[in-house]
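Peer 1: Dropping the structure in here first, questions after.
No value in this document is a laboratory result; all are computed from the given coordinates. All of these numbers come straight from a predicted model, not from anything done at the bench. Note that we place each Cβ from the backbone using ideal geometry, even for glycine, and neighbour counts take in every protein chain shown.
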Amino acid sequence: MSLRRYLLVGILVPVLALIVLNGVSLYRTALGALNTAYDRTLLASAKEIGEQLDVEGFDAGARLRATVPYSALETFEADNRSRMFYRVSSLHGELVSGFGDLPFWRGEIPARPPYAALVDFYDDRFRGDDVRVAVLLQPVAGARGRGMAVVQVAETLELRRGVARQILLDTLWRQCLLVLVIALVVVAVVQRATRPVRQLSARLQARREGDLTPIEAPQAPRELQPLVEATNAVMLRLAQLLDNQKRFVRDAAHQLRTPLAVLKTQVQSALRGDVPPQEALAELNATVDRATALANQMLSLAKVEQLRQQEGVVADLAQVAREVVLELSPLVAERDLDFGIATTPAPVRAHDWMLRELTRNLLHNAVRHSPVGAPLAVRVVSDGRWCALTVSDAGPGIDPSLRQRLFQPFAPGDARAGSGLGLAICHDIVQALGGTLVLDNREANGSVIGLDATVRLPLATMEGHGQIAH
């Protein structure tokens, strides 16, 4: 449902329902007011007839006489739409004059009649029509007798109902005009209020394919600004994802071209017999290993971006560090390093793969750059809000000229070893987890004696996540 239709239905349906209820109430109120006004006419007619009565005899023996011509009622007829009937009777219902088929009154005079007379009003049916009847108990006295007459005057309801309907129709057409004005106002207001949305939609449709620049809508209403900001945020994330994909494809094409070219050259050399077969196979194996390691690292770099969009679980960094150390223990033993590890529980919210990849890359770099037999230490500590993973080696440290670009892809600290993706992967993982990665040279007597790679990550709250196995 469109916003215009939603507002029209939401506003006009209750308004129309109120108009119907108001129309019913208005009709009843108008009919009641007309009954009060026209009842006076009936009472006046009854009094006029009562004044023309005569009597002979007293009380029970009184005999009433009425000389009421029908023309006496014409004065009180409002128009030809209503008809009036009368009946004059004794207290016992004996007809004196008038319409004999008009039912005799069998009611009672109210304790508090609406007028200063013995009068009662009621609704009845006469000759197939609804009528309003006024009953007047009229004392009749004269020189020849005294008695009591019952004067009934009935009027059909066409006039009353016609006037009530006319009042209702006069009111309803004004209310319908009001509803029409409300509908036009709603349409106009919605049309104007949604104009910025249509303009924004037109601008987005007119954009070139792949254009993810932020939307500029300074004239948009305040209610629309959160949508614009949320859309810009989504477009920013999409732009980052596309940039990462483009960079990955570009870097993969560039970096894999070299080992593949080397591999092809080595195969051609082996086919020509330039080197002994065993040596050629060894060279091919080394080139394939380098290409495989490069491909794995590039896939790891892409996986970091994929996991960045997902919420991790609570994992213990200390437990992960011990497991990674156990995996790389053959490399440590191969270089005969003096290894030590000290950890305290450090729960962080992250994917297990990210913590393992982070620890593995830092420790692998430290092992590769440490001299044979040198000390190598891994520490995990926490202070209640943050935890820190520190890998300390005894390598040559970092050249200050390379420090600014160490975390960029394919920028190795040692051009002769590695592809330069290890620290870039670590940096991206730490950023995704909201932490920091710092590389500091350790110095003694003015010379570098090693490197400390320190990762600081925020601790995760443990409520609702149970215990972590250590």
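Peer 1: Set Lys and Arg Cβ to +1 and Asp and Glu Cβ to -1, take the dipole of the range 3-166 about its Cα centre, and tell me which of L137, L64, A116 lies farthest positive.
Peer 2: Projecting each Cα onto the dipole axis, the largest value belongs to A116.
Peer 1: In what sequence do C387, C176 fall when counting other Cβ within 10 Å, fewest first?
Peer 2: Ordered from fewest to most neighbouring Cβ atoms within 10 Å, C387, C176 come out as C176, C387.
Peer 1: Let me know the charge dipole size of the range 184-243 about its Cα centre in debye, to the nearest 20, where only the beta-carbon of Lys, Arg (+1) and Asp, Glu (-1) is charged.
Peer 2: 280 debye
Peer 1: Which distance in nm do the two modelled labels at A111 and R442 give, with both placed 7 Å along the Cα-to-Cβ direction?
Peer 2: 11.0 nm
Peer 1: Using the number of other C-beta atoms within 10 angstrom as an exposure proxy, rank T265, T41 with the fewest first.
Peer 2: The most exposed by this proxy come first: T265, T41.
Peer 1: Within 9 Å, Cβ to Cβ, of A453, how many net charges do the neighbouring residues add up to if Lys/Arg are +1 and Asp/Glu are -1?
Peer 2: Once all neighbours under 9 Å are counted, the net charge is -3.
Peer 1: Could you put W386, W105, W173 in order, starting from the residue whose Cβ has the fewest other Cβ atoms within 10 Å?
Peer 2: Taking fewest neighbouring Cβ atoms as first place, the list is W173, W386, W105.
Peer 1: Roughly speaking, what is the stretch gain from N22 to S329, that is 0.36 nm per residue apart minus the C-alpha to C-alpha distance, in nm to one decimal?
Peer 2: 101.7 nm
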